[in-house]
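First the structure, in the form of structure tokens, and then the observations on it.
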Amino acid sequence: MGQILQDLRYAIRQLTRSPGFAATVIVTLALGIGANTAIFTIFDQVLLRVLPVSHPQELVRFNWKGSFMGSESSFGGDSGDYFSYPMYKDLREKNTAFTGILAAVRNGVGVSWRDQAENEDAEIVSGNYFNLLGLRPAVGRLFGDSDEMAKDANPVVVLSYEYWKNRFNGESDAVGKTLLINGHQFTIVGVAPEGFHSAIDGYKPGVFLPVTMSEIAMPWTAQRDDMRNHQSVWLTLIARLKPGVTHQQAEVSLGPLWHSLRAQELTGYGNVSARFKDGFLNKTRIFVKDDSTGFMPERKDLRVPLLVLMGMVGVLAAMCSVNVATLLLLRAAGRVREISMRYALGAARMRIVVQLLIEGFVLGGCGAVAGTLLSPLIARTLVRMIANSNDATEAPYSAAVDGRVLLFTLGLSVLVTLAFSAAPALQFLRPRLAEALRQSAGTASKGSQLFRKLAVGFQIALTVLLLGGAGLFLRTLNNLRNENIGFQTSHLISFVVDPTLAGYDDDHTAQVETGVLDAVRQIPGIQLAAGTTDPEIANDNSVSNFTVQGHVAPEDEDMNFEAPWITAGYFATLRQPLLAGREFAAADVKGSPQVAVVNLSFAKRFYGSPQNALGRLVAEGGGNDVKPDTTIVGVVGDTRHSDMRTPSRATVYRPYLQMKHPVGLEMYALTTQQPEAVESSIREGLHSFDSKLVADRMRTMEEQVDRSVSSEHALATLAVSFSGLALLMTAVGLYGVLAFAIAQRTREIGVRMALGAQRSAVVLLVMREMALTATLGVVVALPAAFALSRMLTSQLYGVQPGDPTTLVACVLVTALMVTLAAAIPARRAASIDPMKALRSE
């Protein structure tokens, strides 16, 4: 131990004698390790971290496939991730593989406490939810089976720990008090444990409500009677395996039960086609999937970008290691005489190697500490990009460094440190003492010179790879942002107003929404205002099945169309072009003839042109008994509705005032000034109209578009940043190698110039040598870049893998970097005075 401490003190003295060198190495390592730590912080939360519940490895969730007709309410994923409440009860009561099955769905509600109203995320759960997850309350009690008795029979609420702390100041006497949820009284019975958010990963609800209160929490579901409706899927199901039962065994045991339950449900469909029966009963299957990390629909969208980023920062870490190894070899070349003298005085080989390794670990440790301190800044930037907000707390992820991240950082730091420390240690394993002691200055062996050149070539190759990825992501982002959406986004602000969250029923919701729109139109600076039940560019779809007059649809034809309900003036507000006919008018209300406006895709598909679609009839629903009863009165241009990537689909717009059960609206206001300038006026106007109403998710349409491409923006920004860092490190390594090589060849260059060589020839000599190394690096990198780019196809848009323009641009940027990095050493070589060079030798 004493010897190690002595070597440590010696290493620190050696490094303090070269503060510039030490600082360069530490900053290089800090950037590489910090970037890896930051990306892993998010990577771990999204893809690796298990739920903070009892024995999470026993949790599974269900997914099914097969034919289906009915209503679907989801928060992501596909229809196979959701189940009806009757199916949930049957599976829970009749299975033999699980200790229990819970049901959950997420939703927003209006919460009023002490006359202060706000919209808050909620999770609607079965009575066994907390018990099955093995959770204990922080205060009060959690739900039990007695809280899932009958519809509307259990007006109780459990608060999340964070919501209790922030909204109720952590007061224990909050338990037992009442608050209003969607205008109805609920009693607070307890607080969920600290650190637990939800069984739905990435979701942070403020309140938990019993599933029996779903019609209060989600008023629009009352028309479907979800608690008894087998043809309405809306719940995600999570189960806990019995001891000793595997996922495969549970899936096999569940198969017969699933088939028998589907057979019972089929009788409720009445007269359906043989094809539907076959898909519903014979081609159906239920799957049992691991749920230890929780169900998160967004995970599949984030998986590939995070894997790409982890790969990029892994390459960056490799470049850091190579770069530092190169710098250490350059430094070691100047210590040949010192190390040789120590060998000559009897120092053991292992003692020298250990000393060099300790110096490396001192640098590595400092770089790891600096990188750990830097990583939260990078992680917060990434979190804000994902949430597309300046407030990182809006995202479901944390930028904090925890124990798992520290372990990752420690492992990475040790790996990187061993890699770069090995290079100088290996160089001095077999020193040539006599030759080294005769020299007045250290020279490098041919092996170390070759290593340095290979290291620079390796860095150049990796830089081309990173530049290629960054170029493709940057072009993808640019293509998406320049995509024609079909309506104007400038001077457009959106916000949600939902009267049902303030306790209004069906009979008054439409009246309130109409009044809100009238109040918004009176605000100075607002030109037009309108609303929809199906917001634009929000990854939100409202789809329904339709029958089209005169069209006999084959059994395999998709007759499901986007089906928003909109208010009068919607198309004018969004400046969506009207191609034929008219918009909806104030007279299009209940009791008047039912009308619809379709988009261009619909008109072309069924009628060939917009003009031919006018006057035709459609009807919601399918089957021989459905009679078209809604007249097409207008045709509008196509829009990108769901997101910037998804092409336009056939759409049937209907008047909001003809909707049987009105719901809340996403409102759009066209402003005559910058939209941000009227935000406060809208909130004040809404409060004046009705203090119980809340304007939620207020943002400009341009911000909404940015949210739609937030993952592409994060990927492109970080890829460009990492590529720029790689360029910088490669330039530093290249400069160091050339500067050292020229210092070692001072006498040779002096002789050449004494014999008449021109300065331009000396510059060419230096540049030619490095150009050869760079060319080899690029030649190796280009096929690899082309192959790897094919793996990124799912993340690209409007650009092909291996795009020649992108690859050529990468090569040109790399060539410019090599030229600039080599220019200063080459100029220094050309300025060598032959007489001084020869005299110094």
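The values are calculated or read from the model by the stated rules, or taken from the named source; none is laboratory data. Keep in mind that this is a model prediction, so the values were computed, not measured. When we count neighbours, we look across all protein chains shown, and the Cβ atoms used for this are built from the backbone with ideal geometry, even at glycine. In case anyone asks, the SASA skips ligands and DNA or RNA and just uses the protein heavy atoms, side chains included. Shrake-Rupley method; radii C 1.70, N 1.55, O 1.52, S 1.80 Å.
Things to note:
- Farthest towards the positive end of the charge dipole of the chain, among the residues F75, A563, G777, is the Cα of G777, using unit charges on the Cβ of Lys, Arg, Asp and Glu.
- Listed by chain and number, the lysines placed with their C-alpha closer than 19 angstrom to that of K242 are K89, K94, K289; residues fewer than eight positions away on the same chain are left out.
- The chain: calculated mean residue ellipticity at 222 nm from DSSP helix runs of at least 4, using -39500 (n - 2.57): -16000 deg cm²/dmol
- When the Cα gyration tensor is reduced to axis lengths a ≥ b ≥ c, the ratio a/c is 1.5 or higher for segment 150-300, and with a/b not above b/c it is classed as oblate.
- Projecting the Cα atoms of V272, G255, S292 onto the dipole axis of segment 250-300, where Lys and Arg carry +1 and Asp and Glu carry -1 at the beta carbon, places V272 farthest toward the positive end.
- One quarter of the convex hull surface built on the alpha carbon atoms of segment 630-736 amounts to 12.6 nm², the projected area averaged over directions.
- Column: log10 I(q)/I(0), Debye, Cα scatterers of segment 574-673, q = 0.15, 0.21, 0.25 Å⁻¹: -0.70, -1.26, -1.43
- Positive-end residue, the chain charge dipole about Cα centroid, Cβ charges, pick of M385, N182, S680: M385
- Once backbone amide H atoms are built at 1.01 Å from N, V595 has T631 as its partners under 5 Å, excluding neighbours fewer than 5 places away on the same chain.
- The calculated P(r) of the chain, using every Cα pair and 10 Å bins from 0, goes 2, 11, 17, 19, 17, 13, 9, 7, 4, 1, 0 in percent.
- Tensor-based shape of segment 495-545 (alpha-carbon gyration tensor, a/c under 1.5 rounded, otherwise prolate or oblate): oblate
- Alpha carbon centroid spacing (whole Å) that separates segment 491-505 from segment 777-800: 46
- In loop segments of segment 508-558 as defined by DSSP, the GluC sites (Glu not before Pro) with at most 10 further C-beta atoms inside 10 Å of their C-beta are E555, E557.
- Once both labels are positioned 7 Å from their Cα atoms along Cα-to-Cβ, the gap between S18 and Q249 label points is 6.2 nm.
- Share of Cα-Cα pairs in segment 504-626 lying beyond 20 Å, as whole percent: 54
- Rounded percent of accessible protein surface that carbon and sulfur make up, segment 1-135, 1.4 Å probe: 50
- Electrostatic dipole magnitude of the chain [Cβ: Lys, Arg +1; Asp, Glu -1; Cα centre; debye, to 20]: 5500
- As an equivalent ellipsoid, segment 196-240 spans semi-axes of 22, 14, 9 angstrom, where each value is the square root of five times an eigenvalue of the C-alpha gyration tensor, largest first.
- For A809 and S73, the difference between the fully extended length at 0.36 nm per residue and the C-alpha to C-alpha distance is 260.3 nm.
- Divided by 2.2 N^0.38 Å, where N counts the residues, the Cα radius of gyration of segment 215-270 comes to 1.52.
- When the residues H641, H197 are ordered by accessible surface, computed with a 1.4 Å probe over the protein chains alone, the sequence from largest down reads H197, H641.
- Taking 0.36 nm per residue of separation and subtracting the current Cα-Cα distance, fully stretching the chain between S794 and D643 would add 52.8 nm.
- When segment 102-218 is reduced to its Cα atoms, the Kirkwood hydrodynamic radius in Å: 13.7
- Surface composition of segment 182-249: carbon and sulfur atoms hold 48% of the protein heavy-atom accessible area at a 1.4 Å probe.
- In terms of its alpha-carbon gyration tensor, segment 549-596 comes out prolate; a/c meets the 1.5 threshold, and the first ratio a/b outweighs b/c.
- Remark: segment 19-94 carries 34 Å² of accessible area per residue (probe radius 1.4 Å; ligands, DNA and RNA excluded).
- Rounded tilt (10° steps) of 2-16 against the dominant C-alpha axis of the chain: 90
- Degrees, to the nearest 10: 349-387 long Cα axis against longest axis of the chain: 30
- Between the Cα long axis of helix 247-266 and the first principal axis of the chain there is an angle of about 20°, rounded to the nearest 10.
- Take the Cα of R303, step 7 Å toward its Cβ, do the same at D402, and the gap between the two points is 2.2 nm.
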